[in-house]
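Colleague: Right, I'll just put the structure down here and ask away after.
The values are calculated or read from the model by the stated rules, or taken from the named source; none is laboratory data. These numbers were taken from a predicted model, which means no experiment stands behind them. Note that we place each Cβ from the backbone using ideal geometry, even for glycine, and neighbour counts take in every protein chain shown. Accessible surface areas use protein heavy atoms only, side chains included; no ligands, DNA or RNA. Shrake-Rupley method; radii C 1.70, N 1.55, O 1.52, S 1.80 Å.
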Amino acid sequence: MWVSALWKREYDQSRLFLLFVPVVHFLALGLQRMNKWFFTDPYFVAGNLRNLKNMTDPIPAAYDFGSFESVGRLWLMLAVFVLALVQIGTERRNGSQELLFSLPYSRKIIFLHKWMLGAALLAGSLLINTFIDMVVVPSSPMSPYFSIVYHLTQLGYSLLLLAAIYTLALFIGTITGSVAFQVILTIVTLMLPIGLGPLITNSLSLHGAIDIAVPSGIGIELQNTLNISRYLTLSYDDFSWLQVLGLFDLLIVAFFCGMLSYARNRTENNGKLVIFRAWERAIRILVVLCASMIIGLFSSSLFNANERLGYDIGFIAGLVVTTFIMLKIAKLRFKV
């Protein structure tokens with residue numbers, strides 16, 4: 001269902017920001033391509049072309065294996081992250097959410113229009129700058145290596161990846177009660193696979209259970225698969241259909257969870273870390289376990305004679321202290 005009033009409201013709220021994003025994207029992608037092939041010393045351009053002629057598969061190298069697109073994705077990721085904060089967290093903080101909920105539209109429709117604005121921003125910026133790049137490349141000295149498949153693959157991959165991250169940030173905004181915790185929890189969610197794998201592996205290793213639990217090779221592969229932030233700078237040669245399927249699943253799950261959570265938001269819970277008891281309990285347990293493992297590993301380094309005993313002492317102490325702290329924090333209300 002399309003509601004022009006809701007669309008106009010979302011657009012007006014972020015109009016200057018939306019116009020600024022494609023320009024920054026161009027500076028990261030199109031301008032950098034021009035710098036390499038048009039505004040560089042001809043001697044270096046000739047050297048690059050000679051190197052490409054000696055390669056069996058020169059197209060990925062001609063496009064620098066997608067490094068310019070990776071920088072563009074990083075900028076766009078930051079842009080949609082800020083947009084998600086404005087659309088959910090900032091509205092919650094400044095009180096405009098109550099006014100929005102009083103409008104004669106369902107909350108699911110409101111959430112849908114918020115998401116559509118972000119999706120339109122991503123699609124528009126990627127389409128415009130992909131088109132510019134497709135004009136620049138055939139006009140440059142690297143024109144013999146122009147590949148329509150490369151450009152379309154980068155376009156589709158970037159759109160799916162960034163839409164999934166944006167939708168995840170929106171979903172996290174619907175379950176958190178403040179802008180600050182929306183920022184923290186989104187960053188933690190994206191970074192968690194990087195640190196959680198080593199935490200679990202080292203903890204199991206100290207107890208001699210690493211071989212029984214998960215083989216290290218499988219653990220590393222699983223960690224890399226779940227590390228969404230890694231996909232932002234992934235080389236063109238490393239794209240796979242498995243990644244596409246995983247990102248699509250994340251997009252769908254985050255979208256429907258976000259829509260359902262937004263529909264059940266209670267404004268009286270604004271200011272809490274997490275506004276749903278089930279999510280608050282799950283996040284609290286995860287924080288307590290991670291903090292306890294970190295304290296346990298630190299404590300094990302202090303007990304050279306018996307690292308396992310040191311870990312157990314630190315883990316139990318961390319479990320008690322962090323549980324107490326999280327219970328106290330959960331009762332507080334924040335204005336930011």
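Colleague: Kindly indicate whether residue 288 is within 24 Å of residue 197 (Cβ to Cβ), out of contact with any helix residue (DSSP H, G or I) (no Cβ under 8 Å at 6 or more places or on another chain), surrounded by 14 or more Cβ atoms within 10 Å (Cβ to Cβ) and modelled with pLDDT of 90 or more.
Modeller: Here the answer is no, as residue 288 does not meet what is asked.
Colleague: Take the residues in the stretch 232-242 that are under 22 Å from residue 147 (Cα atoms) and of a type outside the set (Asp, Glu); name whichever of them is most open to solvent (accessible area, probe 1.4 Å).
Modeller: The extreme case among them is 241.
Colleague: Against the conditions (1) under 27 Å from residue 111 (Cβ atoms); (2) modelled with pLDDT under 85, where does residue 255 fall short? Just the number, please.
Modeller: Failed condition: (2).
Colleague: Residue by residue through the stretch 313-328, note down the ones that are hydrophobic (A, V, I, L, M, F, W, C) and surrounded by 15 or more Cβ atoms within 10 Å (Cβ to Cβ).
Modeller: Once the filter is applied, which keeps residues that are hydrophobic (A, V, I, L, M, F, W, C) and surrounded by 15 or more Cβ atoms within 10 Å (Cβ to Cβ), the stretch 313-328 yields 313, 315, 319, 326.
Colleague: Taking the stated definitions as given, is residue 228 under 30 Å from residue 98 (Cβ atoms), crowded, with 19+ Cβ neighbours inside 10 Å and either aliphatic (A, V, I, L, M) or in contact (Cβ under 8 Å) with a residue 12 or more places away in the chain (or both)?
Modeller: When the stated conditions are applied, residue 228 does not pass them.
Colleague: Here's a follow-up. Please count how many residues of the stretch 175-189 are surrounded by 20 or more Cβ atoms within 10 Å (Cβ to Cβ) and either closer than 20 Å to residue 73 by Cα or more than 16 Å from the chain's Cα centre (by Cα) (or both).
Modeller: Final tally of qualifying residues: 7.
Colleague: Okay, moving on. Within the stretch 235-276, can you find the residues that are of a type in the set (A, V, I, L, M) and within 18 Å of residue 93 (Cβ to Cβ)?
Modeller: Result: 273, 274, 275.
Colleague: Next up: Within the stretch 112-167, which residues are open to solvent by 20 Å² or more (accessible area, probe 1.4 Å) and more than 23 Å from residue 32 (Cβ to Cβ)?
Modeller: Matches in the stretch 112-167: 112, 115, 116, 119, 120.
Colleague: Here is a follow-up. Which of the residues that make up the stretch 294-312 are closer than 13 Å to residue 207 by Cα, open to solvent by less than 100 Å² (accessible area, probe 1.4 Å) and assigned to a helix (DSSP H, G or I)?
Modeller: If the condition is that a residue be closer than 13 Å to residue 207 by Cα, open to solvent by less than 100 Å² (accessible area, probe 1.4 Å) and assigned to a helix (DSSP H, G or I), then 296, 297, 300, 307, 309, 310, 311, 312 are the ones that fit.
Colleague: Taking the conditions exactly as written (modelled with pLDDT of 90 or more, in a helix (DSSP H, G or I) and more than 23 Å from residue 26 (Cα to Cα)), does residue 128 satisfy them or not?
Modeller: So residue 128 does not fit the description; no.
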